[in-house]
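> Structure incoming, see below.
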Amino acid sequence: MTAPDPLIHCRAAWFGFERPLLGPLDVVIPKGVRWAITGPNGCGKSLFLRGLIDSAVIHSGLVARPRPIRANLLAQEHPRPRPWPLSGWDWFSAMGARPPELSSVRDLLSRRLDRLSGGQWQLLRLAAAVATPHDDGSGDRLVLLDEPGNHLDSNVRTDAMKLIADTAPGNTLLLASHDVAFADAIGAEIVPLATLLPNV
């Protein structure tokens with residue numbers, strides 16, 4: 001499998017933690033793709049995203065990154081910072097990102113994180129993950145979203161889809177989701193995780 005401008009190349013890679021759990025993976029991720037890694041709950045989608053950026057253990061095989069990468073990961077769960085009364089503005093500053101113009105996000109910037117609903121917190125985290133970062137020349141952007149549709153209230157789900165769909169061109173976007181309808185709505189190419197495991 002080849003790509004004209006690969007960002008990451010995995011060959012016979014096994015990802016896991018104390019022991020290998022997912023593999024052997026064979027995939028070339030071209031720069032600038034928008035992929036939705038799909039599959040049932042528990043199949044290893046989250047582990048796949050983490051392995052790409054060394055947040056999981058690479059037990060064997062090859063994970064090559066020919067160029068510097070600046071990765072943002074939206075994990076499925078993220079506890080709110082406590083006990084400090086941080087605001088949405090503080091969160092974006094900590095993430096090194098510019099808040100989008102979307103009114104539903106702007107309305108949250110002056111509010112304390114510990115007073116947001118679960119859906120509002122998810123929307124704010126998502127907005128920071130996909131926002132254009134301050135340019136520090138540290139490498140190509142890779143945005144990893146783990147089940148970004150989780151915890152979203154129905155009234156902010158559309159805004160979340162818009163944030164993802166509007167991710168700056170040239171950024172590489174990979175999202176893990178069991179919700180194919182959500183992935184379709186943001187225009188991502190559907191890539192079943194099983195297709196990256198040719199020997200399984």
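The values are calculated or read from the model by the stated rules, or taken from the named source; none is laboratory data. All figures in this text were calculated on a predicted structure; none of them were measured in a lab. Cβ sites come from the backbone with ideal geometry, for glycine too, and all protein chains shown count toward neighbours.
> Can you tell me how many residues in segment 83-118 are farther than 25 Å from Ser154 by Cα, of a type in the set (Ser, Thr, Tyr) and in contact with a strand residue (DSSP E or B) (Cβ under 9 Å, 6 or more places away or on another chain)?
0
> In segment 101-122, what residues are polar (S, T, N, Q) and in contact (Cβ under 8 Å) with a residue 40 or more places away in the chain?
Answer for segment 101-122, where residues must be polar (S, T, N, Q) and in contact (Cβ under 8 Å) with a residue 40 or more places away in the chain: just Ser104.
> Could you pull out the residue among Ala12, Ala71 that is at positive phi and in a strand (DSSP E or B)?
The match here is Ala12.
> Check whether at least one residue in segment 150-166 is in a helix (DSSP H, G or I) and basic (Lys, Arg), and report yes or no.
Taking every residue of segment 150-166 in turn, at least one turns out to be in a helix (DSSP H, G or I) and basic (Lys, Arg).
> For Leu193, only one of the following conditions fails: (1) surrounded by 13 or more Cβ atoms within 10 Å (Cβ to Cβ); (2) closer than 20 Å to Asn72 by Cα. What is its number?
Evaluating Leu193 over (1) surrounded by 13 or more Cβ atoms within 10 Å (Cβ to Cβ); (2) closer than 20 Å to Asn72 by Cα leaves (2) as the failure.
> Now a separate question. Kindly check whether there is at least one residue in segment 43-57 that is among the hydrophobic types (A, V, I, L, M, F, W, C), in contact with a strand residue (DSSP E or B) (Cβ under 6 Å, 6 or more places away or on another chain) and over 24 Å from Ala165 (Cα atoms).
Within segment 43-57, one or more residues are among the hydrophobic types (A, V, I, L, M, F, W, C), in contact with a strand residue (DSSP E or B) (Cβ under 6 Å, 6 or more places away or on another chain) and over 24 Å from Ala165 (Cα atoms).
> Continuing with the same structure: Could you check, for segment 105-114, whether at least one of its residues is under 18 Å from the mean Cα position of the chain (by Cα), surrounded by fewer than 20 Cβ atoms within 10 Å (Cβ to Cβ) and either at pLDDT 90 or above or not hydroxyl-bearing (Ser, Thr, Tyr) (or both)?
no
> Filter segment 168-184 for residues that are part of a helix (DSSP H, G or I) and more than 19 Å from Ala131 (Cα to Cα) and give the result.
Selection gives Val180, Ala181, Phe182, Asp184.
Every residue, every condition in (1) modelled with pLDDT of 90 or more; (2) among the basic types (Lys, Arg); (3) surrounded by fewer than 17 Cβ atoms within 10 Å (Cβ to Cβ), yes or no:
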| residue | (1), (2), (3) |
| --- | --- |
| Glu147 | yes, no, no |
| Asn155 | no, no, yes |
| Lys162 | yes, yes, yes |
| Leu173 | yes, no, no |
| Ser177 | yes, no, no |
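> Hey, does segment 79-100 have a residue that's surrounded by 17 or more Cβ atoms within 10 Å (Cβ to Cβ), in contact (Cβ under 8 Å) with a residue 40 or more places away in the chain and not in a strand (DSSP E or B)?
The answer is yes, given that some residue of segment 79-100 is surrounded by 17 or more Cβ atoms within 10 Å (Cβ to Cβ), in contact (Cβ under 8 Å) with a residue 40 or more places away in the chain and not in a strand (DSSP E or B).
> Which one of these does Leu126 not meet: (1) assigned to a helix (DSSP H, G or I); (2) touching a residue at least 60 places away in the same chain (Cβ under 8 Å)?
All conditions pass for Leu126, except number (2).
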